[in-house]
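Shown next, in structure tokens, is the structure this report addresses.
The values are calculated or read from the model by the stated rules, or taken from the named source; none is laboratory data. Just so you know, these numbers come straight off a predicted model, no measurement behind them. Every residue, glycine as well, gets a Cβ built from its backbone with ideal geometry; the counts of neighbours run over all protein chains shown. Each accessible area value is taken on the protein alone, full model and side chains, heavy atoms only, with ligands, DNA and RNA left out. Shrake-Rupley method; radii C 1.70, N 1.55, O 1.52, S 1.80 Å.
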Amino acid sequence: MKLSLNMLREYTDIPVTPKEYENRMIMTGTAVEGMEDIGGGIENVVVGRVLTCTDVEGTHLHQCTVDVGAAAPLSIVCGAPNVYAGALVPVALDGARLPGGIKIKSGKLRGMVSEGMLCAATELGVPADLYPNVGDAGLLLFQEDYPLGSDVKPILGLDDYAVDFDILANRPDCLCAMGIARETAAALGTPFHPPAVTVREAGGNIQDEVRVRVDDSDLCPRYSARVIKNVRIAPSPLWLRKYLHAAGLRSINNIVDITNYVMIEHGHPMHAFDLAKVRGRQIIVRRAKAGETLTTLDGEHRVLRTDDLVICDQERATGLAGIMGGEESEITETTAEVMFECASFDRTAIRLTGRALGMRTESSGRFERGVSPATTMAALDRACMLVNLLDAGDVVTGAVDLYPAPTPPQVISASVVRIAQRAGTDIPAQAMVDILTRLAYQVTLDGNRLTVAVPAFRSDVDGEADLCEDVLRIYGYEHIGCTRLRGETTQGGTTPMLKLAARAAGILHGMGYIEVMNYSFLGLKQLEKLGLPEGDARLAPMPIRNPLGEDTAVMRPTLAPDMLKTVAYNMNHGTPAANLYEIAAVFDHHNPTAEGLPQETQTLCLGSYGEGVDFFTVRGALEAILYAAGIQCEVTAGADQYYHPGRSARLIADGITFAQLGEVHPATREAFDIPRRAVLAEVNLQAVLQHAVPMGELSPLPRFPSVARDLALVMSETVAVGPLMAAMRRAGGNLLESIEMFDVYRGLQVGAGNKSVAFSLTFRASDRTLTEPEIQKAMDKVLRSCTAQFGAILR
């Protein structure tokens, strides 16, 4: 929000430099984004009168003598078409500076001496709404009489600073000159003197001029109005245009400028209706009807919602409450009767309407922050006082003021001691009283107890802590003493899950895997491609309230879709082989935590394809990760529906499924546009962490030799090798140190429907060298177990 520094000086003294003022306001809680010296680029430009003006033959130039109040007139050559003898104009003297760094020097032009320059408005940076001018078409001509030689900056409103304040959302009372001036007076310790408002009424009765009805008082807690008759539309005086210009507002005419001036002075947006255009001379404040339309002042035709608050006449909507008036009732040159509206509207309703219609105005910005209903009449009377001052019309006696449920004044009881303790510095009780009084609180001190009546415009104050904040920021943060840092620092560390994830990542990197990262959300269509059965909880994932799009609408319950999408992308873009992994959380809101939050399970997902990649290579990677966690799993055939039914398995230990893996189902490959075979795997890292076996004591190197025996067994094609190897381990007992499968054969020699599987068994005893009978006995026991349980025979 920008304000004129000179405007603020009308309400309080500012006995410091602009830079000092900026620093003081920042230190007392009112942020200043910057200060612009409006006339900072102009030096040595004064008022002069053209005494003579002679045309230079054959050119557009004029030889002028100009009186600037010096001992002798100046000779200046000018090319402007509107220069004439007697004109009062701005004159840039020798050595003058103009905006843009332009420096004026005496010299000769076509052999004629020119001791300065007569200035156009654009050369001084003066817009037409600030001071009437013809722009580039000619000189700026002063309409009033000013002493010759006087500085032009005060005349044109350029001897001022535009202060850009950054007002916090909880301080709507500071979105105006009066609020900032009140803060300024408190910060600088100077008196605050708001304008004394008196209205000269011209008779009549407002009840005869307009009727007002508020149908939805929940969205409009207060509505005030006054009527002006015999309106005399004219340009605003220069002092008013200066303040509007500094605030970034354009001057239109005296009536509209009055409403804008009151908005920047009091913070109350106002609207002026041409009363002759209000059908039935009746104003109704209500919610819009379904399908109702309105053409606003910007010429846009808008379709309204039933939640939008509108200002209506007897027939239809004529304005959007708190945002923008309607085109029908705007002020024009022919306006003779005006109704001023000053109201308080619900901030939430204004924000939602503005957002729905894509509208943002000065008015809506203030209502969205919150405008106090208690001060509408003060702002309305100030507008009528300005009508008197500018002779812009006659104020009809009386006002409409609908305020059915006034907000009761808020009184806070606070402790002086607690405020000082909370502030961290010893603030005298009387200093607290003085500060709060300067901020417009009504304060009574009784011993240690402060009884504080909060001003109506301070909607942000809610308790003792807010009073402490106000007292401390004005008293000065520099009074807070320095204290040494106390306490013990907490040493950083890595959680067990992060350690497990890092260990798994290290193993995978060593095997040539590359990490990928995807978003934690996906679309329902991606989940449906997996072909999960109806009723699977993963088909009803946790939705996102405000998703970026349809493909990012839910939190992912599995990492498989994103991994398959990544595999498809790489495969279809010419990458011949890839080993990929992702470690991330999956979300399950069907089984929430004790705090009511969705379960987040850390999961590892692998995706591999290319030459040499098959079920067994990926299984080896998973077993390496599980072995590092001290978990020995059995391999059980079968996995989820998106895996190939004959080339998939689960890794299970003690009834717990730690992982599943296998080739991607052909239907799933087609759904994800994967043209060749690929292997997918998923590991529940949360389960791995919970059942990980810590590494025990190190065993000494074996003192006795091992003995290796190979065993080839013929069995049915349907026999799973994993359970068979588990049975062999149990039968081998403590002497069987390890067992590995190294060959699978299918052919005529073993018969149709059979396979031959070859194993390498290693035997060792920790306390002796094994004898041949001991080894053979163990081998016989292993063979008998395989034959009895699985029908396997020695090849």
A chain fully extended from ALA356 to ILE26 at 0.36 nm per residue, minus the present Cα-Cα distance, gains in nm 115.3 nm
Taking 0.36 nm per residue of separation and subtracting the Cα-Cα distance, what length does fully extending THR295 through GLU33 add?
90.7 nm
What figure in square angstrom, to the nearest 10, would you give for the accessible area of ARG449 with a 1.4 Å probe?
90 Å²
Could you sort LYS229, LYS781 by accessible area so the largest value comes first, with the probe set to 1.4 Å?
LYS781, LYS229
Using the Cα centre of region 290-373 as the reference point, and only Cβ charges (+1 on K/R, -1 on D/E), how large is the resulting charge dipole? Debye, rounded to the nearest 20.
620 debye
Filtered hits (lysines, Cα-Cα < 30 Å from LYS289, offset >= 8 within chain) -> LYS277
Probe 1.4 Å, protein heavy atoms only - accessible area per residue of region 53-124 in square angstrom
49 Å²
Where does each of THR296, THR494 land when they are ordered by accessible area, with a 1.4 Å probe and the largest first?
THR494, THR296
Put +1 on the Cβ of every Lys and Arg and -1 on every Asp and Glu Cβ in region 341-477; which of LEU445, GLN421, ALA392 then has its Cα farthest towards the positive end of the dipole?
GLN421
The correct ranking of TYR441, TYR627 by accessible area at 1.4 Å, largest first, is TYR627, TYR441
Run down the aspartates and glutamates and flag those whose C-alpha is under 17 Å from the C-alpha of LYS19, throwing out any fewer than 8 positions away in its chain.
GLU33, GLU36, ASP37, ASP159, ASP160, ASP164, ASP166, GLU183
Run down the lysines and flag those whose C-alpha is under 27 Å from the C-alpha of LYS777, throwing out any fewer than 8 positions away in its chain.
LYS755
Using alpha carbon centers only, region 268-324 is separated from region 441-471 by a whole-angstrom value of 39 Å
At R0 = 30 Å, how high is the FRET efficiency between ASP551 and ARG676 if r is their beta carbon distance? Nearest 0.05 is fine.
0.75
Just for the chain, what percent of DSSP beta bridges are antiparallel, to the closest 5?
95 percent
Between the alpha carbon centres of region 367-436 and region 155-182 the gap in Å comes to 17 Å
As a test of the formula, what do you get for the chain when each DSSP H run with n ≥ 4 contributes -39,500 (n - 2.57) and the sum is divided by the residue count, at 222 nm and rounded to the nearest 500 deg cm²/dmol?
-8000 deg cm²/dmol
Rounded to the nearest 10 degrees, what's the angle between the helix 560-572 long axis and the longest principal axis of the chain, both from Cα atoms, 0 to 90?
90 degrees
By how many degrees, between 0 and 90 and to the nearest 10, does the Cα long axis of helix 615-628 differ from the longest principal axis of the chain?
80 degrees
Below 13 angstrom from the Cβ of ALA758, what's the summed charge of the other residues (Lys, Arg +1; Asp, Glu -1)?
+1
What part of the accessible area of the chain, given as a whole %, is carbon or sulfur when the probe is 1.4 angstrom?
52 percent
Taking Cα atoms only, helix 429-438 is inclined relative to the longest principal axis of the chain by an angle, in degrees rounded to 10, of 70 degrees
So, taking all protein chains as they sit and a 1.4 Å probe, how much accessible area belongs to ARG746, in Å² rounded to tens?
140 Å²
About the Cα centre of region 1-139, how large is the charge dipole given +1 on each Lys and Arg Cβ and -1 on each Asp and Glu Cβ? Please answer in debye to the nearest 20.
280 debye
With charges only on Cβ, +1 for K and R and -1 for D and E, what is the dipole size of the chain about its Cα centre, in debye, rounded to 20?
2520 debye
Scalar couplings 3J(HN,Hα) for region 112-127 by Karplus 6.51 cos²θ - 1.76 cosθ + 1.60 (θ = phi - 60°), nearest whole Hz, x for Gly and Pro, are 9, 6, 10, 9, x, 8, 8, 9, 8, 5, 5, 6, 9, x, 9, x
Can you give me the C-alpha center-to-center distance between region 547-581 and region 609-634, rounded to a whole angstrom?
22 Å
Averaging sequence separations of C-alpha pairs under 8 Å and six or more residues apart, then dividing by the length of the chain, give the relative contact order as a whole percent.
8 percent
Note down the accessible area of VAL416, probe 1.4 Å, to the nearest 10 Å².
20 Å²
